[in-house]
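Colleague: If you scroll down you'll find the structure; I have some questions about it.
The values are calculated or read from the model by the stated rules, or taken from the named source; none is laboratory data. The structure presented is a predicted model; accordingly, all values stated were derived computationally and were not measured. Here the Cβ positions follow ideal geometry from the backbone for every residue, glycine too, while neighbour counts run over all protein chains shown.
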Amino acid sequence: MITRLSGLPFREKFVASDDPSARAELLLRSSSILVPTLIHDGVTIWDTLAIAEYLNELRPEAQMLPKDRQARARCRAISGEMHSGFTALRSSLPMNLHAYRPGFAIWSAARADIDRILSIWNDCFTTWNGPFLFGDKPSVADAMYAPVVTRFLTYDVALGERAARYCRDIMAWPDMAEWVAAAKEEPQEITELEVEF
């Protein structure tokens, strides 16, 4: 999503980390097998936020981060919070684009993460008045929270009108639709995602 947001041409390469030959290649690219990894002009970047900052520097006209300094700072802060936080949500509601689990029981720790995310979103909607978190155009923050949108839909998380509209806008975003279509082409057999809580 981040690379699509930049508008720069790129080539994706998908590799299965459990394939021994793919694992060897991943280790050559990054010793910890951290993905995604961006390789550009001899530079290897394997952290999503670092990739976003690098692409923003490469192509500032894409406005991946808001122009306004205050909005840009908030965009970085909430993107960082998404990047490093919400572990209860991630573990209790794993991302699975092939599933739909209506009536899924959400534990209190995951509920606290959901409440925090909805608070972040509502603050952005109130402050920047957009269909997206920082106005009329998707930003790095929208790309960072897009996987959360899929979790909310998979696990049938009850949302207010504004958050539900945001989820619809994210899912209708052409970059997101392309990303989801590609993800659905990946193998479905991820047994860890099939555990009932």
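Colleague: Scan the range 152-168 and tell me whether some residue there is touching a strand residue (DSSP E or B) at 6+ places or on another chain (Cβ under 6 Å) and either crowded, with 17+ Cβ neighbours inside 10 Å or farther than 29 Å from Gln63 by Cα (or both).
Modeller: no
Colleague: Here's something else I'd like to know. All but one of (1) surrounded by fewer than 17 Cβ atoms within 10 Å (Cβ to Cβ); (2) free of Cβ contacts under 8 Å to residues at least 60 places away in the same chain; (3) in a loop (DSSP other than H, G, I, E, B) hold for Gly130; state the number of the condition that does not hold.
Modeller: Among (1) surrounded by fewer than 17 Cβ atoms within 10 Å (Cβ to Cβ); (2) free of Cβ contacts under 8 Å to residues at least 60 places away in the same chain; (3) in a loop (DSSP other than H, G, I, E, B), Gly130 violates only (1).
Colleague: Could you list, in sequence order, all residues of the range 48-85 that are farther than 13 Å from Tyr145 by Cβ, of a type in the set (S, T, N, Q) and part of a helix (DSSP H, G or I)?
Modeller: Residues satisfying the conditions are Asn56, Gln70, Ser84.
Colleague: With (1) surrounded by fewer than 17 Cβ atoms within 10 Å (Cβ to Cβ); (2) in a helix (DSSP H, G or I) as the list, and Lys137 as the residue in question, which single condition is left unmet?
Modeller: So the condition that Lys137 fails would be (2).
So that you can scan it fast, the table gives a plain yes or no per residue for (1) under 19 Å from Val149 (Cβ atoms); (2) in a helix (DSSP H, G or I); (3) modelled with pLDDT of 95 or more; (4) in the same structural domain as Ile170 (by TED's automatic domain parsing):
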{"position": "Ala22", "(1), (2), (3), (4)": "no, yes, no, no"}
{"position": "Ser31", "(1), (2), (3), (4)": "no, no, no, no"}
{"position": "Leu89", "(1), (2), (3), (4)": "yes, yes, yes, yes"}
{"position": "Arg101", "(1), (2), (3), (4)": "yes, no, yes, yes"}
{"position": "Ala109", "(1), (2), (3), (4)": "no, yes, yes, yes"}
{"position": "Ala112", "(1), (2), (3), (4)": "yes, yes, yes, yes"}
{"position": "Arg116", "(1), (2), (3), (4)": "yes, yes, yes, yes"}
{"position": "Ile120", "(1), (2), (3), (4)": "yes, yes, yes, yes"}
{"position": "Phe125", "(1), (2), (3), (4)": "yes, yes, yes, yes"}
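Colleague: Pull out all pairs, ordered by first then second residue, where Cβ-Cβ is under 9 Å, the residues are six or more apart or on different chains, the first lies in the range 68-87 and is in contact (Cβ under 8 Å) with a residue 60 or more places away in the chain and over 18 Å from Ile2 (Cα atoms), and the second is in a helix (DSSP H, G or I) and basic (Lys, Arg).
Modeller: Hits for this filter: Phe86/Arg116.
Colleague: When Glu61 is evaluated against the numbered criteria (1) over 18 Å from Arg11 (Cα atoms); (2) under 19 Å from the mean Cα position of the chain (by Cα), which criterion, by number, is the only one it fails?
Modeller: Against the list (1) over 18 Å from Arg11 (Cα atoms); (2) under 19 Å from the mean Cα position of the chain (by Cα), Glu61 comes up short only on (2).
Colleague: If we scan the range 143-163, do we find a residue that is under 25 Å from Glu53 (Cα atoms), outside any loop (DSSP other than H, G, I, E, B) and of a type in the set (Asp, Glu)?
Modeller: no
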